[in-house]
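The next block holds one structure in the form of structure tokens; read it before the comments.
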Amino acid sequence: MHDLIVATSSALGSLFNPSSKLTLHADWTSSDPLTTLNWESEDLELVYGETVATKESSSYLVILPKSKLDGSSVFTGGNSYTFKFTAANRYGRFDWRELTLNAAKPPWGGNFTVSPRNGTALITSFSFITRGWVTGEDSLPLKYSFGYISPISGSRTLIRSLQLSANASTNSMPVGDTTGNYGLTADVRAANVVGAYSSIDATIHVFPPAAANIASAIDGAINSIDVDELSSDDVVAMSSILTSAASLVSVALTTASSSADTSTEAENIRSSLVTTLASVVDAAADEEAVESTAATLQVLTDTSPNTIPDSVKVTLLGQISTTLDTSSDIGSITDEAAISQMSTVSNLVEGGILNSPINPSQVPTAFPSQVPTMQPTPTPSATPMPSKLPSNMPTRLPTWRPTSIPSLQPTPIPTMTSYPSSVPSLLPTPLPSLLPTRMPSPVSSRRTRFLRSHRRRLLTTTVDQVEDALLAMNSAISQGLVAGEEFDAVSTHLGMRTTVIDSTLVGASGDVGLSIEVGAASSSGLPGGVTPSMVLPRTFSMNATVAVAAINYGKSNPYEMQGGVIAEGASINSFTLNGMEVSGLVEPIVLSLPLPSMRRRLSAWNGTWGSKDFAQSYSVNCGGRNRTRLEALYTAHDLSRAQFCGTEHLLENMTKLTSWY
């Protein structure tokens, strides 16, 4: 055992944020393939599935900020925590290292006021002021963000991102809770240098304008956004405006159910918001911006998704893919953004996008803002192709004549140093690890976006587009995970568990193999305690870490449309090793799925499943799109008799394999 190093990228020096997960990593060298690993700590209890997201016997240790058991905080601000890693071979030789980190104490002692306490959405100007926050000298400077809890999505929506200023104002507040006297919970977060924060909230009341004034209020909000001058710094503020406008659209759609004309007007307004949002989505360049645009997309689609025109649904799905591409370029995505994205896709599925005709020209291009129109109609127009000059602004090439040196030659002084170094600056950024970049330069990012956009234009159905969006989400989420870690993004009609695996994790699974379960949608119809899964054999090999997308479709799913009505208790699932081509298996991949026919044939369902009520398919077509299900043709009485007589093997021929293509 030698070259053992224990480190973390989740801390600034020895200071870490107790409100976020803490990821530790050990690098070690051993000639023994049976080397055993172990993490331990005397300062907190490491329990897999409760306080840690990875097993203590792996190279990574991910400690969760809150216990999955009861939601209590795992860390206490101001305390120190020591973690010990030990690697031992089978001959008794071992080595170990310890790492001590300090949990930053969140700011304390602040106050928060909102004025006025009552107002009108998109009209009244609200002021937010916070004072009196205190923190340790090693945690300065403090920054403040303002937001509110959306009555529609239930998640926090930003009004202003983290800044040094302790006050803000806006006249773009959304409508409050329509079922609770239009109450709205506004809050402030005071965060220190590592992101540890404390919050204070206050309840205000925000009423909708008179019905006759809703359209003009939304038009005013749209016109306040100058898409030609939009920059990445404006995304959070502009998304906040559009989210508030979308809340008014929800009010209009809810109250317009009895009037076709009013409903059509509300739908046209929603389409205008989607058009304006395209430029905002394209300008997003950081986590907070992506989270804000994701919140806007969710609110836009939450109410009456079935009345959204097909062309607008396809555009919205394209915007989701664009934000996910941005997250992949950044190298991370917040939990809130991922869940909002999944909810938006679920809303579109509920609205019938799986039956919508696909038109690639309606999907945003990799750079949609280069050819925008100010206020396009909600349906495709018959206008000619856009000109090469989409606006009065100067183009990137001021003349058609190329310059004598068009940029192929390097500049005389390409960098600030005589040679590039591995550390680009002598001074670390305030948060050096919170914004990792996987793309080394903007050129690579643009190239990657172009390839993604080109691939999407080859898709032939909206079903393919939905699957592509889910895999893009899986890719973005996986960049913030380590081997053995998983994340669930679950909504009404869709659920996805993202799991990151590597050869070490699979090899350590033993004879039982590595089981990867789906994240079940809330409308999956699965009985309690039943989770479809895929089992990878320990002989399954890979050269690098791989993200697995284990997706569960609810009652609205593409395969039911293609293959007929799915029986009660059935489950539609897909398992994808994202970006990996599977071939040459020594042992099969096993899919463990519920067997709905048993439930269907029982005259009195008792709500529980027996050990034999599952079908297992040992054949996986990794190159096709087929979905298979093994159905039993025998009754519960047949099964009981065979178990008593020891003749279960005779039931093997009493099944049928059903496939949809």
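Would you mind telling me the share, in percent, of accessible area of region 492-549 contributed by carbon and sulfur at probe 1.4 angstrom? Please report the intermediate quantities before stating the final value.
Numbers: 1010 of 2210 Å².
The value for region 492-549 is 46 percent carbon and sulfur by accessible area.
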Practice task
Take the cross-link list K68/K143; K84/K143; K84/K105; K68/K313; K21/K313; K66/K313 and give me the ones stretching past 25 Å between alpha-carbons.
Solution key: K68/K143; K84/K143; K68/K313; K21/K313; K66/K313
Exercise for the section: Answer with one residue from Y60, T82, G71: the one whose Cα lies farthest towards the positive end of the charge dipole of region 31-156, charges on Cβ with Lys, Arg +1 and Asp, Glu -1. Expected result: G71
Fill in the blank from the handout: A 1.4 Å probe over the protein heavy atoms gives region 1-154 a carbon and sulfur accessible-area percentage of 49
Practice task
Report, in whole Å, the centroid distance computed from the Cα atoms of region 474-519 and region 272-341.
Solution key: 24
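From the protein chains alone at 1.4 Å, what is the descending order of accessible area for V512, V175, V535, largest first?
Numbers: V512 115, V175 10, V535 30 Å².
Result, largest first: V512, V535, V175.
Enter the accessible area per residue of region 5-132 (Å², integer; probe 1.4 Å; all protein chains in place).
Details: 6580 Å² over 128 residues.
Solvent-accessible surface per residue comes out at 51 Å².
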Practice task
Could you work out how far apart the two model spin labels at D3 and V47 are, taking each label as a point 7 Å from the Cα in the direction of the beta carbon, and quote it in nm?
Solution key: 3.8
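Just round it to a whole percent: the fraction of Cα-Cα distances in region 1-41 exceeding 15 Å.
Numbers: 440 of 820 pairs.
Value for region 1-41 (Cα pairs over 15 Å): 54 percent.
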Fill in the blank from the handout: Env charge @ S272, Cβ radius under 14 Å, K,R +1 / D,E -1, value -2
Problem - Solvent exposure ordering (accessible area, 1.4 Å, most first) of Y91, Y182, Y48, Y553 - result: Y91, Y48, Y182, Y553
Problem - Highest average packing first - 328-336, 540-548, Cβ atoms within 10 Å - result: 328-336, 540-548
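With a 1.4 Å probe and every protein chain left in place, work out the accessible area per residue of region 294-348 in Å², rounded to a whole number. If you can, show how the numbers build up before the last one.
Working: 990 Å² over 55 residues.
Using a 1.4 Å probe on heavy atoms only, each residue of region 294-348 averages 18 Å².
The values are calculated or read from the model by the stated rules, or taken from the named source; none is laboratory data. Predicted, not measured: the structure shown is a model, and the values here were computed from it. Don't worry about glycine lacking a Cβ; one is built from the backbone with ideal geometry, like all the others, and counts go over all protein chains shown. The area values use the complete protein model at the heavy-atom level, side chains included, leaving out ligands, DNA and RNA. Shrake-Rupley method; radii C 1.70, N 1.55, O 1.52, S 1.80 Å.
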